[in-house]
1. Does the stretch 81-95 hold any residues that are among the aromatic types (Phe, Trp, Tyr) and out of contact with any Gly (no Cβ under 9 Å at 6 or more places or on another chain), and which are they?
2. GLY84 passes all but one of (1) surrounded by 16 or more Cβ atoms within 10 Å (Cβ to Cβ); (2) among the small types (Gly, Ala, Ser); (3) more than 14 Å from the chain's Cα centre (by Cα); (4) modelled with pLDDT of 95 or more; which number fails?
3. Just one of PRO73, PRO54, PRO97 is within 14 Å of the chain's Cα centre (by Cα) and either outside any loop (DSSP other than H, G, I, E, B) or touching a residue at least 12 places away in the same chain (Cβ under 8 Å) (or both); which is it?
4. Name the pairs: first residue in the stretch 101-118 and part of a loop (DSSP other than H, G, I, E, B), second residue surrounded by 14 or more Cβ atoms within 10 Å (Cβ to Cβ) and hydrophobic (A, V, I, L, M, F, W, C), Cβ to Cβ under 6 Å, at least 6 apart or on different chains?
5. Do you know which residues across the stretch 57-70 are within 29 Å of ASP103 (Cα to Cα) and free of Cβ contacts under 8 Å to residues at least 40 places away in the same chain?
6. Considering each residue of the stretch 23-51, count those that are under 16 Å from the mean Cα position of the chain (by Cα) and without any contact (Cβ under 8 Å) to a residue 40 or more places away in the chain, and give that number.
7. Would you mind telling me which numbered condition in (1) under 30 Å from LYS34 (Cβ atoms); (2) at pLDDT below 95; (3) surrounded by 11 or more Cβ atoms within 10 Å (Cβ to Cβ) VAL50 fails?
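The values are calculated or read from the model by the stated rules, or taken from the named source; none is laboratory data. Since this is a predicted model, take the numbers as computed values, not measurements. A quick note on method: Cβ atoms are made from the backbone with ideal geometry, for glycine too, and the neighbour counts reach across all protein chains shown.
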Amino acid sequence: MKKIFLLSALLVVSAVAMPGRALADQQPEMIMEKMAIKFTRGITNLVTSVAELPKQTVLTSREMGGVGVFVGPVKGVGMTLYRGVIGIAEAAFCMVPQPGYYDPMMDPAYVWEGWEPRRDTSKSVGEEK
């Protein structure tokens, strides 16, 4: 019984200590750079969030045709609010290494990314496995 308890305690201690060692290996300059990038990305997303309105209009019109002219601005308003809130959150919490390790909180990370049309990944009529 003592061996099982000792082994489980050792596993818990090693599981808790390993992520700390991985962060300790990072150089402070690298961490500060990632914090600065996250802060800059947040401010940039807050300022450029209004560009989601024309972006979503164009993308939705491309995808849906004529109906996209009416649906796109509604999507654009929602994405403008979403990108603005995410920008505020990234700027406010730039010192927190979440999500991932200072990764962007949304995809695409900036409003000027993601304009390319979606690729059709469905199988064609004559295509088989």
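1. Filtering the stretch 81-95 for residues among the aromatic types (Phe, Trp, Tyr) gives 82, 93.
The answer is TYR82, and nothing else.
2. Among (1) surrounded by 16 or more Cβ atoms within 10 Å (Cβ to Cβ); (2) among the small types (Gly, Ala, Ser); (3) more than 14 Å from the chain's Cα centre (by Cα); (4) modelled with pLDDT of 95 or more, the lone unmet condition for GLY84 is (3).
3. PRO97
4. MET105/ILE86; MET106/ILE86; VAL111/ALA51
5. THR57, THR60
6. Number satisfying all stated conditions: 1.
7. (2)
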